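Report on the following structure.
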Amino acid sequence: MEKSDANAPRTAAPVPVVVRDQRVAGLPATAGIDPANFQESGVLLTMSAPRVRISDIAHHDGQTVSIAGWLYNIRRSGKICFPLLRDGSGIIQCVAVKANLPEELFEALKDLTQESSLIVTGKVRAEARAQGGFELDVESAEIIQRVSEADPYPITPKDHGIDFLMDHRHLWLRSKRQAAILRIRHEVIKSIRDYFDNQGFTLVDTPIFTPAACEGTTTLFEVNYFDEEKLYLTQSGQLYNEANAMALGKVYCFGPTFRAEKSKTRRHLTEFWMVEPEMAYADLEDVKALAEGLVVYCVGRVLENRKAELEVLERDVKKLESVTAPFPRMSYDDAVKVLQGKGSDITWGGDFGNTDETLLTQDSDRPILVDRYPSEIKAFYFQPDAENDKLALGVDVIAPEGYGEIIGGGQRIHDPELLLRRLKEHDLPPEAFNWYMDLRKYGTVPHGGFGMGVERFVAWMCGTEHIRECIAYPRMLYRTRP
RNA sequence: UCCUCGGUAGCUCAACGGUAGAGCAUUCGGCUGUUAACCGAAGGGUUGUAGGUUCGAAUCCUACCCGGGGAGCCA
């Protein structure tokens, strides 16, 4: 919301405290001010001070500025109070001294309740005692809404249980920690896009409504499409990606995906975001290099641009600083042997559980690339290894610290006859894949790509216990609200 | 779906067969440098629901509801 308007009239004298809506605020409006005026003029509001954000406060030392935000917390003594103002970009401690302020303003500030909305004007001052290094000496304030004490803001600065916090997710996002996670998520998403864009990839988004499964139907959410047809929410854009790669060479899709898995763990959501690149004229080694490069780039960007957020989260950044290329590479065969040596009861042909993934990476300070899985445990479209056709040219990237598989992908089958045979082996109806078979009919080439789960990646960056904190409104097995 | 843990004040928890309690939040009072401020006082409860055992149940038993953690599957 823009406040400044050079052409609008100014008030003769500063207004110490203004209440926009007295019905809501429960406080008397300042005499002589008609609340109806200010929505129109916009200038009565906060005098002439420029509006700044807390994240920029260091550039305004010594200046009088206005900050529009919410009361994060307040500490008060008899004649001095310290409102902590939150504006979405950070938190700043304001200082209101009774002796220096009109009685009305001081009392209004002192009695303010948590998460009341207000615009504070005052002088920025470097202050060693304050977190963030700056304070705001209050000169005037406009209270937009005072939260009623009869129904106070439910999330206090003290402890809360996860059930309560999840029920209040729409408010929980206002906490320092959740804001930090969302900013890191933003950095991760932006860095993913930059990584691909800088290498000539084109973003081509794939449909959310899809007519059939990519990899079996048990984990699909069914949707009634105008009474006549059953459609499913996508669980991967990969098949469409392959078509797009044949058109544009290097592509990626980036959007929500849906899995109706009845998983109830700290690593699962039913709705999560996934980025999926796909390259024409590419083999497994190209896919591995792309995946490794992506991870290194995104970790670097988070470290470079989100130091403050990592600090809020008390993330051990050494664990991220060690994430440099090259990542250790290992075949599935060797991984099974390593796991057996560490006491896992895994046998050849089985997929890794989470305990196996944690075991495998426990001595590594960076992710591990595991490739050449048994074809039986992989989807129908994986290209078999030329040296052993029981192996699929798939690769998983397993993050350290127990964060598990963050990337899965590989090289796709380009031979039409082999692909058809695999469809039949997997009991998939070939007629549903006619368009997909076309890609092998009209100029087929080796190609490959992968998918990376954004929330799992963000959880790893942030060091969160559970990925539910890494998306604003998580959708899980037993939680779909708010 | 299976295994496992839990549901007591607005919130976090205590009481574990014998009168339901504390901290925070809220209200009132005090405090000019507080850092989840502190000090004093007050209000606040059909112990998830329904049955059962018992002289007596938050506590023991049964069923159901809701949630946490994990397994399988996956990103």
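The values are calculated or read from the model by the stated rules, or taken from the named source; none is laboratory data. Here the structure is a predicted model, which is why all the values come from computation and not from measurement. Counting neighbours? That spans all protein chains shown, and the Cβs are built from the backbone with ideal geometry, glycine included. Ligands, DNA and RNA are stripped out before the accessible areas are found, and what is left, the full protein with its side chains, is counted by its heavy atoms. Shrake-Rupley method; radii C 1.70, N 1.55, O 1.52, S 1.80 Å.
So the values come out like this:
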item: Qualifying residue in segment A:431-439 (condition: in contact with a helix residue (DSSP H, G or I) (Cβ under 9 Å, 6 or more places away or on another chain) and open to solvent by 60 Å² or more (accessible area, probe 1.4 Å)); result: yes
item: Qualifying residue in segment A:49-70 (condition: within 30 Å of the chain's Cα centre (by Cα), near RNA strand B (Cβ under 9 Å from one of its atoms) and either within 18 Å of residue A:143 (Cβ to Cβ) or at pLDDT 95 or above (or both)); result: no
item: First in segment A:401-413 and over 21 Å from residue A:273 (Cβ atoms) and aliphatic (A, V, I, L, M), second anywhere and open to solvent by less than 20 Å² (accessible area, probe 1.4 Å) and within 13 Å of RNA strand B (Cβ to nearest atom), Cβ under 9 Å, 6 or more apart; result: A:413/A:380; A:413/A:381; A:413/A:382
item: Some residue of segment A:86-94 being closer than 30 Å to residue A:184 by Cα, away from RNA strand B (no atom under 13 Å from the Cβ) and in contact with a strand residue (DSSP E or B) (Cβ under 6 Å, 6 or more places away or on another chain); result: yes
item: Segment A:152-169, subset more than 7 Å from RNA strand B (Cβ to nearest atom) and more than 21 Å from residue A:84 (Cβ to Cβ), residue farthest from the chain's Cα centre (by Cα); result: A:167
item: Count of segment A:440-460 residues which are touching a helix residue (DSSP H, G or I) at 6+ places or on another chain (Cβ under 8 Å), surrounded by 13 or more Cβ atoms within 10 Å (Cβ to Cβ) and assigned to a helix (DSSP H, G or I); result: 7
item: Qualifying residue in segment A:205-216 (condition: open to solvent by 60 Å² or more (accessible area, probe 1.4 Å), within 18 Å of residue A:432 (Cα to Cα) and either within 13 Å of RNA strand B (Cβ to nearest atom) or not assigned by TED's automatic domain parsing to the domain that holds residue A:394 (or both)); result: yes
item: Tally, over segment A:265-298, of residues that are among the basic types (Lys, Arg) and in a strand (DSSP E or B); result: 0
item: Criterion: assigned to a strand (DSSP E or B), surrounded by 13 or more Cβ atoms within 10 Å (Cβ to Cβ) and touching a residue at least 24 places away in the same chain (Cβ under 8 Å) - qualifying residue of A:105, A:109, A:136; result: A:136
item: Segment A:74-97, residues that are out of contact with any helix residue (DSSP H, G or I) (no Cβ under 9 Å at 6 or more places or on another chain) and either over 22 Å from residue A:126 (Cβ atoms) or open to solvent by less than 50 Å² (accessible area, probe 1.4 Å) (or both); result: A:77, A:84, A:93, A:95
item: Some residue of segment A:125-142 being modelled with pLDDT under 90 and on the phi > 0 side of the Ramachandran plot; result: yes
item: In segment A:142-151, the residues that are in contact (Cβ under 8 Å) with a residue 24 or more places away in the chain, more than 8 Å from RNA strand B (Cβ to nearest atom) and in a loop (DSSP other than H, G, I, E, B); result: A:146, A:147, A:148
item: Residue in segment A:223-234 that is among the basic types (Lys, Arg) and assigned to a helix (DSSP H, G or I) present; result: no
item: Restricting segment A:242-277 to residues that are polar (S, T, N, Q) and within 13 Å of RNA strand B (Cβ to nearest atom), the residue that is surrounded by the fewest Cβ atoms within 10 Å (Cβ to Cβ); result: A:265
item: Matching residues in segment A:114-128 - criterion: being in contact with an Asp or Glu (Cβ under 8 Å, 6 or more places away or on another chain) and open to solvent by 20 Å² or more (accessible area, probe 1.4 Å); result: A:123, A:125, A:126, A:127
item: Tally, over segment A:45-73, of residues that are open to solvent by less than 30 Å² (accessible area, probe 1.4 Å) and not in a strand (DSSP E or B); result: 6
item: Test for residue A:128: is it over 31 Å from the mean Cα position of the chain (by Cα), hydrophobic (A, V, I, L, M, F, W, C) and not assigned by TED's automatic domain parsing to the domain that holds residue A:61; result: no
item: Helices (runs of 4 or more DSSP H) enclosed by segment A:158-203 - at least 1 residues per element that are buried (at least 18 other Cβ atoms within 10 Å of the Cβ) and touching a Ser or Thr at 6+ places or on another chain (Cβ under 8 Å); result: A:176-198
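Let's see how each residue does on (1) more than 22 Å from residue A:435 (Cβ to Cβ); (2) of a type in the set (Lys, Arg); (3) modelled with pLDDT of 95 or more:
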position	(1), (2), (3)
A:195	yes, no, yes
A:200	yes, no, yes
A:229	no, no, no
A:237	no, no, no
A:251	no, no, yes
A:259	yes, yes, no
A:268	yes, no, no
A:291	yes, no, yes
